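Asker: The structure under discussion is supplied below as structure tokens; questions concerning it will follow.
The values are calculated or read from the model by the stated rules, or taken from the named source; none is laboratory data. Remember, predicted model here, so these are calculated numbers, not experimental data. Cβ: placed from backbone, ideal geometry, glycine included. Neighbour counts: every protein chain shown. What goes into the accessible areas is simple: the full protein's heavy atoms, side chains included, and nothing from ligands, DNA or RNA. Shrake-Rupley method; radii C 1.70, N 1.55, O 1.52, S 1.80 Å.
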Amino acid sequence: MAPSTETYQPNWHVRALSAPGPDTDLSLHVSFDNARFLFGCGEGTQRAFTQKRMGMRGLSAIFVGSGEARSRAGLAGVLMTAADGGISKVDIVGPPDMSHYLSTLRSSVIRDSLTVNMRSYPRSSSSGESVELFKSPNITVHGIALIPQPSPDNIAGPSSSTYIPYDPQSPSFRPSKLSPSDAQQWCDRIVGDIFHNGPKARASRRPYQPPPPPSSSDSTKPRSRSRSSSPRRSANPFVNPDGTICSSIPDTRYPLPLPTKQDVETQMVYICQAPDVRGKFNVEKANQLGVPKGPARGKLTRGEAIEVDDPSAEGGKRIIKPEDCLLGGGPGSVLIVVNCSEKTKSALLDNNTFHKYQPSKAAESGVESRLVHLIVHRVPKSVWDSEEYKDWMKAFGECTQHLIADPVNHPDRTVFNSAAWNTLQLSLADPEIFVPPFVSSPHPPSIDLPPNTSFLVEGSFCRMHQPGAVTVVDTHEKDLPFSITSSEAEVARETIRQDMPEYAIACDQAHQAILADPRSTHPPTPKVGDDITVTTLGTGSAIPSKYRNVSSTHIDIPGLGGILLDTGEGTLGQMKRRFGKEGVRKLLGELRMIFISHMHADHHLGLNSVLEERFKLGITSPLFLIAPTNIALNMQESASWQYSATSREALENVVFINIQRLGFKMFNGKNREKESAPPLPTPTDGSKLPETEAEMDQWEREGLEDRENGRRVWPFTNVYGFSPAASGDHWNAVHRLLDELSFRSIWAPVVPHRGRAYGLAIEHSSGWKIVYSGDTKPSEELVQAGRDATLLIHEATLEDDKPDVAAVKGHSTFSQAIDIGKRMKARHILLNHFSQRYPKLPKLPTAVPSTIDDDSTTAVQPVVSISFDFMSIKIRDMWKMAHYMEPLSLLFVETDEGDGETVEGEGSVLKAVENDVNPSLDGGREVSGKKTKQNNKKKDDQIPVSATHSAAIPIQGDENGPEQKQKSKKSLKKEASRAAKRSAPSPGKNDGQPLAKRRSTDSAVAVNGGTSGGKEDEGEKMQVDV
């Protein structure tokens, strides 16, 4: 329990966890002795906690800065990771549509161990009004919503007409027709059901109670075929049989209304006031003033004035005030966080709430001025560089410090340094396959700023009490800043060569082996699909680590364009890091199709950001999206990406295809005349359609009405259900996909995972075939769908000694994934989706030689490769990866001692990794009800892949024998020991030249090293997919 304000001395500081950049946004970590607060929560925030070696222990509230998706797209990941780390309650403070945003994620984000209290800016408050949104013993926060004036636009917002009363029990209840205030109330209720012990959780644990027997009068009535008349089921799907409300059901017939464009453009200002500080009682001073011992001194300590006897004073009494005996006390520090855009600048500058913090304005108003110690400005240059804004900043006085975080014209600084250094080291093996995320302009611009003003960078630090100056925290040796540009790459690689000679020698030997390989000396006849390039943007599972982001893979097909397989959180940021500004413009301009395999959050939370960026770049070309229908529901209810479109045509070109209707092989009629898609379902005798289809027509009609009233914009076709209209739109979209992308066939087989999940097999008219597994256990249907694949991209979450764990969790081991590829006769196998237990190099089975045969009738071993983030490889070059395994094993060899990496706080990330928890599904609890002891195996039991062999990796056995494996391990240890003896350079001594990271064996995940945050719940998991 937090101490009372009478005795609590607020010792607190502000630190920038991340700054605006290509893959991050502003995130301020405000830390008290007994509580933590987060201001800003963009994509990558949970990964930044890991990278910066900071824990989430004590996280009490998260303050979201605006209605933009960019400022809050990391919220879901942070909440799930916090819940898995043992945090039981978090307050969410934000703009008016804050609860609406979280409600759109109700189909994939659930935590029944976390209570989330929504504190959105009230719809009843006017723009610019200061409202107390949060109060705790540590801090009181007032929020000001800067809402721009409405302006005409190509895409209209919701209309104020035809609102219905707020009655969730009513059969005619429609969330899309609620007024803004009622919709906010409904969304608050949804969030309450998504998190913690809501009605949905209670209903799932309630013993079954049979319905009461029908009365005699009821038995004589004819039974109606309408589902709404059943005594067991209400016409309103949110009403449980016992009358309670379950609001979090993601029913596509009952969508939420689309927020207005004003909601998206709303910016928030937070004024944070710490409680006044009671000074420390000065005994010497009290004795001098004649304060008697006992209760009188207690009154002074509590802030009360007292009277003491003094014959020399008038009346014989003298008043002593608390400040006469208390030293160091005074008003609590004030922090202001400003989010402002060009459209809301005037609303900010004209707001008189700030007058009491500006000495000259306070004097004019006759009020006592309050000193603001720090103001953080998340504003673009068009705002902060204007004279009127600079004057507004100066009005706070010379003692106020300012930090500017420009979300538009920001320096190109790397936050995820570990992944960047990791890829630079890998590039010594092959700079064409492993392309480091070089920076372009790592330093802030040289601009004259007002006094006490500087640009915010990650690590900016300011002590609020006792008040201190703005500084930058020293970087940890395992978080050295990566500031290398592409022009400095060769110098940086040469530094690595000098620092890691064994690794450099192994790379040179691999290069020689590749040159001597028959595939280099006598290249085989080129095959169709050899020139396809696969870029693995995210290769980790469940949660992002320092080295591996969550799932996303881009396939670049010459002459066709790009295909994106899954879009986990941070996908857009990974694109920007890997391809650069112009490269992303080209990639998104050529993107033809996105495939979402299932509803787990680590596979789709980055989708809307990708779509929004396309529109911001002016890209309006057709884009096919194959995904579950709940993805379409989330897109329909999400405003930020839709309002970024320049026209209705741009939105119409986002063509959704229901993955649930692609469960069999569909051929393109132009390429295979004898086989085609099933005919569209239509009545053959003019009879009335079945009742279910007539009912779906009702929802379609309501959808049209919602679009006419601005409550819905996208989609423009019927993507839900199986009505004749929906079927017609679906098959038209499928045929269009097959024709425009020249696919010979497409098949999305259902694969065995926890919840409904799908794989993908696409075959091109030119002859290549690509298969993607998504998350799955070994699947016979995937084998059938992927027969004779050119490339199989298959998940390999767990190592081979954990088959039981993999089966329970719905995943595959390394050898199981390779076996699937062999059974489908795939030519190439790319393994990805590794558990974050293996954040650098997965512990694969030992490799064996493969045969090389141009005769297509002869069975050959498939070429097998593992994957890393930022890795781009052509299919024809995948065989080279076998030769790189020896240097990679040296690069990532783990010593027995480890590196002793610890960070502040609870082990939230570590707990998820150790238990292989998927934050989008597992809720932080054990799946099987008991912990696996295999995590405690010694690292010596893990044998890295030997590079003396070729590409094929067998399912069983080891043809080299135990002696060879022991010898290889000893050699690796010796080389690692020699490398560890070399001292790492000081970051400050190489300012004039690129600095190559010296250490490559730092641990995989920066985890919280404190005491455990409580016992893990045991028992069955909550199922999230619907």
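Asker: Considering only protein heavy atoms, with the full assembly of protein chains and a 1.4 angstrom probe, order SER88, SER103 by accessible area, largest first.
Answerer: So, going from the largest accessible area down, we get SER88, SER103.
Asker: Going highest first, how would you order 875-884, 473-482 by mean Cβ packing within 10 Å?
Answerer: 875-884, 473-482
Asker: If you build the convex hull over the alpha carbons only and average its shadow over all orientations, what do you get for segment 280-327? Give it in nm² to one decimal. Mind dumping the intermediate values first?
Answerer: Details: hull surface 12.1 nm².
Here the figure is 3.0 nm², rounded to one decimal.
Asker: Now for a separate question. Collect residues whose amide H, placed 1.01 Å from N in the peptide plane, falls under 5 Å from the amide H of VAL655; neighbours closer than 5 in sequence don't count.
Answerer: Amide H to amide H, under 5 Å and 5 or more residues apart or across chains, VAL655 pairs with LEU623, PHE624, LEU625.
Asker: Per residue of segment 106-113, in order, report the coupling 6.51 cos²θ - 1.76 cosθ + 1.60 (Karplus, θ = phi - 60°) as ³J(HN,Hα) in whole Hz, putting x for Gly and Pro.
Answerer: 5, 8, 9, 10, 9, 9, 8, 9
Asker: Let me ask you something else. If r is the Cβ-Cβ distance from GLU368 to LEU704 and R0 is 56 Å, what FRET efficiency results, to the nearest 0.05?
Answerer: E between GLU368 and LEU704, to the nearest 0.05, is 0.45.
Asker: If one computes the Cα centroid of segment 398-428 and of segment 54-81, what distance in Å separates the two points?
Answerer: 19 Å
Asker: Using Cα centres only, tell me the gap between segment 15-32 and segment 452-500 in whole Å.
Answerer: Value for the Cα centre distance between the two parts: 14 Å.
Asker: In addition: Any chance you could look up the accessible area of SER609 with a 1.4 Å probe, heavy atoms only, rounded to 10 Å²?
Answerer: Approximately 20 Å² of SER609 is accessible to the 1.4 Å probe.
Asker: With a probe of 1.4 Å, find how much accessible area segment 460-509 has per residue, and write the answer as a whole number in Å².
Answerer: 49 Å²
Asker: Also, I was wondering about something else. Per residue of segment 764-780, what does 6.51 cos²θ - 1.76 cosθ + 1.60 with θ = phi - 60° give for ³J(HN,Hα)? Whole Hz please, x for Gly and Pro, Karplus curve as stated.
Answerer: 8, 5, 6, x, 6, 9, 10, 10, 10, 8, x, 8, 6, 7, x, 10, 5
Asker: Hey, another quick one. Between the alpha-carbon centers of segment 521-548 and segment 865-894, tell me the distance in whole angstrom.
Answerer: A separation of 10 Å, based on Cα centres.
Asker: Count the lysine pairs in segment 263-347 whose Cα atoms sit under 20 Å apart, keeping only pairs 8 or more residues apart in sequence or on different chains.
Answerer: Lysine pairs, 8 or more places apart or on different chains, close enough: 11.
Asker: Let me check something: with ligands and nucleic acids excluded, how do ILE147, ILE532 order by accessible area (1.4 Å probe), largest to smallest?
Answerer: Largest to smallest exposure gives the sequence ILE147, ILE532.
Asker: Leaving out ligands and nucleic acids, note down the accessible area per residue over segment 280-327 with a 1.4 angstrom probe, in whole Å². Display every interim value, and only then the final one.
Answerer: Details: 3290 Å² over 48 residues.
Ligands and nucleic acids excluded, the figure is 68 Å² per residue.
Asker: Across segment 553-565, in residue order, what do the Karplus-derived ³J(HN,Hα) couplings come to in whole Hz, using 6.51 cos²θ - 1.76 cosθ + 1.60 with θ = phi - 60° and x for Gly and Pro?
Answerer: With coefficients 6.51, -1.76 and 1.60, one gets 9, 10, 10, 9, 10, x, x, 10, x, x, 10, 10, 9 Hz.
Asker: Only four residue types carry charge here, +1 at the Cβ of Lys and Arg and -1 at the Cβ of Asp and Glu. Report the dipole size of segment 280-327 about the Cα centre in Debye, rounded to the nearest 20.
Answerer: For segment 280-327, the charge dipole is close to 260 debye.
Asker: Further, regarding this structure: Out of the total accessible area of segment 280-327 (probe 1.4 Å, heavy atoms of protein only), what percent is carbon and sulfur?
Answerer: Working: 1690 of 3290 Å².
Within segment 280-327, the accessible surface is 52 percent carbon and sulfur.
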